[in-house]
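Below is one structure; the comments refer to it alone.
The values are calculated or read from the model by the stated rules, or taken from the named source; none is laboratory data. Being a predicted model, the structure only gives us computed values, none of them experimental. In this analysis, Cβ positions are derived from the backbone assuming ideal geometry, glycine residues included, and neighbour counts consider all displayed protein chains. Surface accessibility is based on the protein's heavy atoms, side chains included, excluding ligands, DNA and RNA. Shrake-Rupley method; radii C 1.70, N 1.55, O 1.52, S 1.80 Å.
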Amino acid sequence: MKIRGGMRGVICVFISIILIQNVFAQKGKTGYVAIDSVIVLLPEYKTAQEEVQKYAIELQNTFDELVKEYNKKQQEFQEKGETLPKIKKDMLLDDLSNLEKKIQDFQSKGYQELQKKQQEVLMPLVKRAKEIVAEVAKEHGYRAVFDVGAVIYMADGEDILPLVKEKIEKMKKEQQNRETGTGASKPQEAQEKK
């Protein structure tokens with residue numbers, strides 16, 4: 001049996017409502033977090049952001065070169081267009097038309113490529129952020145944690161971003177301690193020093 005697009009959406013919403021009702025029917029706390037805020041806290045976020053920015057600059061440079069070439073040909077046409085032989089004038093107009101199309105294509109494809117690069121670079125961070133949120137939820141007895149970007153309304157629930165932030169900071173310190181060979185040798189000793 002083939003389910004049509006609209007019907008599939010209704011079924012998905014219905015199943016989601018049932019699952020959410022089951023979560024709320026069980027005992028335990030519910031929480032929420034903005035996953036974007038968690039991603040920004042990750043130490044590897046800065047590197048990922050720099051990688052995307054570098055790629056965007058490369059695309060922009062290529063675009064600028066195309067525009068510069070177009071402007072040069074357009075200026076040449078404006079300055080010499082009336083004095084050029086018809087065949088040369090036609091060739092210059094063809095060049096301008098081709099460059100204009102190339103610029104438009106590059107804008108469209110460049111934007112798509114940048115989005116693809118962002119997704120490629122950020123997906124591992126999204127996965128890592130979700131793993132950390134799941135760890136925090138388990139450690140603090142949360143039955144469910146929702147991304148605020150996907151929840152329109154929730155009567156009860158706690159923002160667990162401070163707990164996630166604390167966990168990430170702890171992970172950063174542990175990583176630094178491993179890299180430098182300093183600090184407490186056990187996580188408990190590190191807790192006691194606080």
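Observations on the model:
- Residues in region 119-141 that are more than 15 Å from Leu161 (Cβ to Cβ) and not in a helix (DSSP H, G or I): Gly141 alone.
- Residue check: Leu84 meets all listed conditions (1) assigned to a helix (DSSP H, G or I); (2) modelled with pLDDT under 95; (3) more than 29 Å from Asp159 (Cβ to Cβ) but one, namely (1).
- In region 118-170, the residues that are buried (at least 16 other Cβ atoms within 10 Å of the Cβ), of a type in the set (Gly, Ala, Ser) and within 22 Å of the chain's Cα centre (by Cα): Ala129
- Test for Glu158: is it touching a Lys or Arg at 6+ places or on another chain (Cβ under 8 Å) and of a type in the set (D, E, K, R): yes
- Against the test of being at pLDDT 90 or above, open to solvent by 70 Å² or more (accessible area, probe 1.4 Å) and assigned to a helix (DSSP H, G or I), the options Gln104, Gln78 yield a single qualifying residue, Gln104.
- Each residue in region 48-89 was checked for being touching a residue at least 40 places away in the same chain (Cβ under 8 Å) and within 30 Å of Arg128 (Cα to Cα), and 6 of them qualify.
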